[in-house]
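Colleague: Here you go, one structure.
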Amino acid sequence: MFLPIGDEPNPHHLPAMTFAIIAVNVAVFALVTLPLGMRPADPSDPLLLEYLRAVLPHLPPGESMSRLAAQVSAYDLVVFRWGYRPDAPQLTTLVSAMFLHGGFMHLVGNMLYLWIYGNNVEHRLGAAGYLFWYLATGVTATLFHAMFNQGSSIPLVGASGAISGVLGFYLVWFPRHVVKIWVFLIPFYIGLVRISATVVLVMYLVLDNLLPMLAAGGQGGIAHGAHIGGFVTGMAVAFALQRLRRE
């Protein structure tokens, strides 16, 4: 197992916007995901029937609607309403989907990456510019995902598309930085290693996303298309801003 825990060097300023984005995501998880995830869906909610009709075709043959309905939580319906569904696109869900997560590890993984890479990018862009491009690359990532899932009723949620945009900025602007990674290769090696940010981020783009996306034909439970779309958008904007500053 490989666990990134930080990067170096880092700016000395407080990355207030990165902290704020993490805080909002954690607050949504604590105040919405956890309590509603433990509460069964209201049988009288008209959204429940729409949810069942959308999800049932993706389940194994023989799954009954009544048994599925008994397993649906109130949070499942929140995700269905506020996650981004390619078959029912809305401007509001392009943003709201970025602040919903499918579970604790989904949240932790995303926030860890934002914590590691966000501070340097925020320092270069400024708090306002950082927030704008975080949201903009997140929207682009979602739309890129939708291109490969047209007509899908399965909602996309998570901050990973926007965070991938931050990673794209980081690769262009800080290619010589180093990422600190705990390596757990029991029983062979356990320890901290430092790897070039360029190597880590190229591996993230190619090995973790591009190759799995090609293998799955753009389908699957992980939104590789969103990750790639956000990453490439972040790189493109970083190159453009860098060029403008030189002129």
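Taken together, the values in this text are just the output of simple stated rules run on the coordinates, not laboratory data. What you are looking at is a predicted structure, and each value in this text was computed from that prediction instead of being measured. Every residue, glycine as well, gets a Cβ built from its backbone with ideal geometry; the counts of neighbours run over all protein chains shown.
Colleague: Could you list which residues have their amide H under 5 Å from that of residue 73, counting only those 5 or more apart in sequence or on another chain, with H placed in the peptide plane?
Modeller: Here 41 satisfy the definition.
Colleague: Counting each DSSP H run of 4 or more residues in the chain as -39500 (n - 2.57), what helix-only mean residue ellipticity at 222 nm follows after dividing by all residues, to the nearest 500 deg cm²/dmol?
Modeller: Mean residue ellipticity, 222 nm, calculated: -18000 deg cm²/dmol.
Colleague: On to the next question. Near the amide H of residue 100, under 5 Å away, which other amide H atoms are found, from residues 5 or more places off or on another chain, if H is placed in the peptide plane?
Modeller: 158
Colleague: Between 0 and 90 degrees, rounded to the nearest ten: what's the tilt of helix 127-147 against the longest Cα principal axis of the chain?
Modeller: 50
Colleague: Over the Cα atoms of the range 104-156, how large are the radius of gyration and the largest Cα-Cα distance (Dmax), in Å?
Modeller: Calculated on Cα positions, Rg and Dmax stand at 13.8, 39 Å.
Colleague: On a 0 to 90° scale, report how tilted helix 46-55 is relative to the longest principal axis of the chain, with both axes built from alpha carbons and the result rounded to the nearest 10.
Modeller: That helix lies at roughly 70 degrees to the long axis.
Colleague: Could you pull out every residue, at least 5 positions away or on a different chain, whose amide H is within less than 5 Å of the one on residue 7? Hs are placed 1.01 Å off N in the peptide plane, and Pro or chain starts have none.
Modeller: 180
Colleague: What is the order of 106, 12, fewest Cβ neighbours within 10 Å to most?
Modeller: The order, fewest Cβ neighbours first, is 12, 106.
Colleague: A further question follows. Starting from the Cα of residue 112, step 7 Å along the direction of its Cβ; do the same at residue 30; then give the gap between the two resulting points in nm.
Modeller: Calculated label separation equals 2.0 nm.
Colleague: Any idea what the relative contact order of the chain is, in percent, if you count C-alpha pairs under 8 Å spaced at least 6 apart?
Modeller: The normalised contact order for the chain reaches 25 percent.
Colleague: Given R₀ = 22 Å, FRET efficiency for residue 185-residue 239 by Cβ-Cβ distance, to 0.05?
Modeller: It comes to 0.05.
Colleague: Here is a further query. Compute for the range 140-226: radius of gyration divided by Kirkwood radius, i.e. Rg/Rh, restricted to C-alpha atoms, rounded to two decimals. Intermediate results must be reported in sequence, preceding the final value.
Modeller: On the way: Rg = 15.5 Å, Rh = 14.7 Å.
Taking Rh as the inverse mean 1/r over Cα pairs, Rg/Rh reads 1.06.
Colleague: Still on this model: Given the options 204, 139, 82, identify the residue whose Cα lies farthest towards the positive end of the charge dipole of the chain (+1 on Cβ of Lys, Arg; -1 on Cβ of Asp, Glu).
Modeller: 204
Colleague: Rounded to the nearest 0.05, what FRET efficiency is calculated for residue 38 and residue 246 with R0 set to 45 Å and r the Cβ-Cβ distance?
Modeller: 0.25
Colleague: Shifting gears a bit: Might you report the magnitude of the Cβ-based charge dipole of the chain about its Cα centre, with Lys and Arg at +1 and Asp and Glu at -1, to the nearest 20 debye?
Modeller: 500
Colleague: Treating only the Cβ of Lys, Arg, Asp and Glu as charged (+1, +1, -1, -1), what charge dipole size does the range 157-247 show about its Cα centre? Round to the nearest 20 debye.
Modeller: So the magnitude is around 340 debye.
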